[in-house]
Amino acid sequence: MRAALWGGALLVGLAATLFAIGSEAAYELFMGLIDHSPYWALLTLPAGLMFATWLTRRFFPGAQGSGIPQVLAASESGMSTEARRGILSLRIAIGKMLMTMLGLLSGASIGREGPTVHVGAAIMYSMGHWLKFPPHHLERALILAGGAAGISAAFNTPLAGIVFAIEEIARSFEDRTSGIVLTAVILAGLVALMIQGNYAYFGTSHAAVDTITYWYLIPISGVVGGLLGGLFSQSLIRGSRALAPVYKRHPLLLAALCGLLVAGVGIYSGGTTYGTGYAEARAIIDAGEGFDPLYPLLKVLATVGSYLSGIPGGIFAPTLAAGAGIGADLALWFPLTLGPAIILLGMVGYFTGVVQTPITAFVIVMEMTDNQTMLLPLMATAFIAYSSSRMVCPVPIYQALSTAFTSAMIDARSRKKAEEHGVTLAEHDVTLTGIAKPASPDPQPSSPDPEAKP
């Protein structure tokens with residue numbers, strides 16, 4: 001048990017670090033290419049997204065998207081062992097990393113943090129399976145620990161990793177899993193720190209706000225960020241549902257069209273909407289001025305296009321970047337001295353609106369900016385944003401996408417069984433929809449054959 005837990009946690013930290021280094025190198029190659037001509041994106045994005053989609057469907061089915069919906073599906077108690085192994089196999093984990101890096105190499109607006117959650121859960125679960133981890137009921141604990149360790153190692157935010165496991169993946173906390181989650185987070189974080197050193201993801205922010213005097217900044221940031229984040233989540237949920245038939249029939253065409261959209265937005269923005277958005281978010285936090293007020297909208301469009309293409313890739317980092325831009329836009333309406341604080345409030349408000357995990361949101365922003373003085377304003381903003389987001393997006397995005405993913409898995413398995421039993425796909429679809437086929441008319445009775453044998 002200790003070997004599965006400790007060994008898996010150390011491997012998660014190593015994998016997350018290698019993933020971070022590889023992702024950064026891939027994005028730098030793309031930026032070096034468009035430095036020669038921004039119109040290279042019109043070729044690399046459609047071709048790269050098509051190639052990533054084909055590879056994913058051919059060799060890594062189930063690796064699409066951010067990865068967090070898959071982890072949520074695998075953590076469900078009713079999930080069969082066979083299905084769980086398919087979602088959390090090491091082949092899927094490797095494919096997740098490679099395809100995300102290919103997406104960043106192409107210029108897609110995606111992040112690596114959500115995929116790192118998937119990779120972490122897959123590694124921890126696979127270690128338990130290989131070493132014949134005895135208690136079946138602790139499989140879920142390993143999945144939760146792997147996901148939490150992935151967040152910790154990806155962002156260097158151990159507290160956020162623990163909170164995310166409780167708030168999003170588990171949605172409830174069990175005493176018997178607490179030690180497993182804590183151990184995994186600590187060990188994975190230590191490995192990442194040993195290799196990358198101690199750092200704050202967005203540097204150190206000294207922003208502060210007089211909560212008593214400028215209390216109105218909190219509800220404004222919370223309501224605006226929450227509503228915009230909820231609308232973004234709804235666009236991904238509804239867009240995924242609407243494009244599902246197109247993705248099944250013409251996945252490469254859809255990837256190419258999404259690639260052209262992302263390339264067009266990137267060229268219009270001057271190259272600021274490509275990749276994770278880390279550099280842009282950090283520049284906004286550090287300077288808070290000299291940015292395009294349209295940047296948040298353009299980043300959202302690029303992220304929606306990248307996600308709907310069907311390639312593996314997360315929305316964590318792009319969401320934080322768009323949130324920083326929204327905060328900077330709000331800051332234009334207030335005194336200049338309040339700018340840095342409003343940027344952080346806008347970031348936590350929008351991030352909460354998207355993922356609807358308020359505790360994770362204010363903890364992760366606080367840890368990434370190394371700023372504890374903003375704890376109470378961030379906390380209040382997060383909970384206001386959560387309530388605002390629920391008004392336009394009642395079901396959290398990862399839960400909605402997880403439900404769709406589970407339904408697709410059940411449909412695929414039932415289709416396979418139907419084909420094995422000689423049932424045509426058309427007949428199977430009729431069975432699934434509950435629509436009965438029209439009864440064929442009875443054949444006209446023919447005249448009896450006097451020579452026919454009984």
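Quick note: the coordinates plus some simple rules give every number you see, no bench work behind them. Since the model is a prediction, treat every value here as computed from it, not as a measurement. Note that each Cβ is placed from the backbone with ideal geometry, even for glycine, and that neighbours are counted across all protein chains shown.
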Calculated FRET value between ALA242 and THR213, using beta carbons and R₀ = 41 Å, to 0.05: 0.30
Highest-first arrangement of 20-33, 273-286, where packing means the average Cβ count within 10 Å: 273-286, 20-33
Residue order, fewest to most surrounding Cβ atoms within 10 angstrom, among SER240, SER37: SER37, SER240
Derived scalar couplings ³J(HN,Hα) [the range 90-106; Karplus, 6.51 cos²θ - 1.76 cosθ + 1.60; whole Hz; x for Gly, Pro]: 5, 4, 5, 4, 5, x, 4, 5, 5, 6, 5, 5, 5, x, 5, 5, 7
Table column - 3J(HN,Hα) (Hz), the range 326-335, Karplus curve with 6.51, -1.76, 1.60, x for Gly and Pro: 5, x, 5, 5, 5, 5, 5, 8, 10, x
The range 281-351: chymotrypsin sites (Phe, Trp or Tyr not before Pro) falling in loop per DSSP and having at most 15 other Cβ within 10 Å: TRP333
The range 334-372 and the range 34-103: distance between their alpha carbon centers, rounded to Å: 29 Å
Square roots of five times the Cα gyration tensor eigenvalues for the range 43-125, Å: 24, 12, 9
